[in-house]
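Read the structure below first, then the notes.
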Amino acid sequence: MTLSDAQKLPVATGTTSHIGHATAVGAAGFAWCSLILGLHTAGIVDAADGTIVLAGTFFYGGIVQLVAGFFALAAGATFAAAFLTAYGAFWLGYTVIEFWAAPHIAGAAAAAAKAGGASAEAAAAQGGHAVMQSLGLFLVAWLVVTVVFAVASLGTNAVTVTAFALLTLTIVLLVIAYLGASSGGVPSESVLHTAGYIEILLAAVAFYLVMAELTNEVRGRTVFPLFALNRAQQTGPVPHAA
């Protein structure tokens with residue numbers, strides 16, 4: 001064997017890379033956050049000061065979903081990677097807003113109102129109104145992102161499309177509730193509760209997606225159908241969300 005022949009031989013790397021299906025990992029965190037926030041927004045459960053909820057939104061909805069998105073990107077699942085990293089960032093941002101930004105905005109607005117001669121009650125109302133407007137603006141931008149994903153999801157499956165449709169509707173209602181809040185910073189209770197119930201339904205759809213992804217992969221056959229809309233997915237042995 002000559003040196004030239006030896007250089008043509010394949011070189012074994014000694015490593016094998018296998019990345020699992022990241023959608024189920026990340027979507028589980030999204031489903032958990034949607035359920036707990038939906039229960040709170042609908043007024044079914046009082047989350048008190050929300051500290052325990054924020055722990056879940058930060059770690060499960062934020063970090064876990066963000067990491068799952070990067071694994072999906074490494075596996076070549078662009079759609080899954082895009083929405084997992086996006087909503088992982090969303091839940092991290094939500095945590096920061098509730099824990100630090102909202103109190104800071106309320107305090108700054110109240111201080112400015114007091115400096116202008118407003119009473120303590122009027123200053124507090126001004127602070128609450130400023131927070132509602134800021135939350136509404138935050139969600140308007142996320143509504144645009146969600147609509148983009150909703151349109152793109154039309155090439156995946158019916159369950160994923162349903163999830164994004166419900167998420168879009170939830171955000172629309174929250175935007176209406178926050179931007180339409182009273183001068184005292186009180187959003188419409190009926191609109192908020194409606195958004196909460198839709199978010200609970202969204203969580204149920206997301207949990208079904210997770211259950212289907214996990215069960216179908218473990219069993220090696222379709223146990224829980226996702227109703228693929230993409231012809232290429234319909235010919236595969238096990239449908240995936242992305």
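The values are calculated or read from the model by the stated rules, or taken from the named source; none is laboratory data. It should be emphasised that the depicted structure is a prediction, and the values quoted were computed from it without experimental measurement. A quick note on method: Cβ atoms are made from the backbone with ideal geometry, for glycine too, and the neighbour counts reach across all protein chains shown. Only protein heavy atoms, including side chains, enter the accessible area calculation; ligands, DNA and RNA are left aside. Shrake-Rupley method; radii C 1.70, N 1.55, O 1.52, S 1.80 Å.
Would you mention how many residues in the stretch 159-214 are buried (at least 20 other Cβ atoms within 10 Å of the Cβ), of a type in the set (Asp, Glu) and over 16 Å from the mean Cα position of the chain (by Cα)? So the answer is 1. Would you confirm whether any residue within the stretch 62-75 is within 25 Å of residue 197 (Cβ to Cβ) and out of contact with any strand residue (DSSP E or B) (no Cβ under 8 Å at 6 or more places or on another chain)? Scanning the stretch 62-75 turns up at least one residue that is within 25 Å of residue 197 (Cβ to Cβ) and out of contact with any strand residue (DSSP E or B) (no Cβ under 8 Å at 6 or more places or on another chain). Within the stretch 110-138, the set of residues being part of a helix (DSSP H, G or I), surrounded by fewer than 17 Cβ atoms within 10 Å (Cβ to Cβ) and hydrophobic (A, V, I, L, M, F, W, C) comprises 111, 112, 115, 120, 122, 137. Just one of the listed residues (85, 78, 51) is hydroxyl-bearing (Ser, Thr, Tyr), at pLDDT below 85 and open to solvent by 30 Å² or more (accessible area, probe 1.4 Å), namely 51.
Might you check whether a residue that is surrounded by 14 or more Cβ atoms within 10 Å (Cβ to Cβ) and in contact with a His (Cβ under 8 Å, 6 or more places away or on another chain) occurs anywhere in the stretch 92-109? The answer is yes; a qualifying residue exists. Scanning the stretch 54-75 for residues being buried (at least 21 other Cβ atoms within 10 Å of the Cβ) and assigned to a loop (DSSP other than H, G, I, E, B) gives a total of 0.
Within the stretch 215-231, being surrounded by 21 or more Cβ atoms within 10 Å (Cβ to Cβ) and among the hydrophobic types (A, V, I, L, M, F, W, C) holds for 226, 228.
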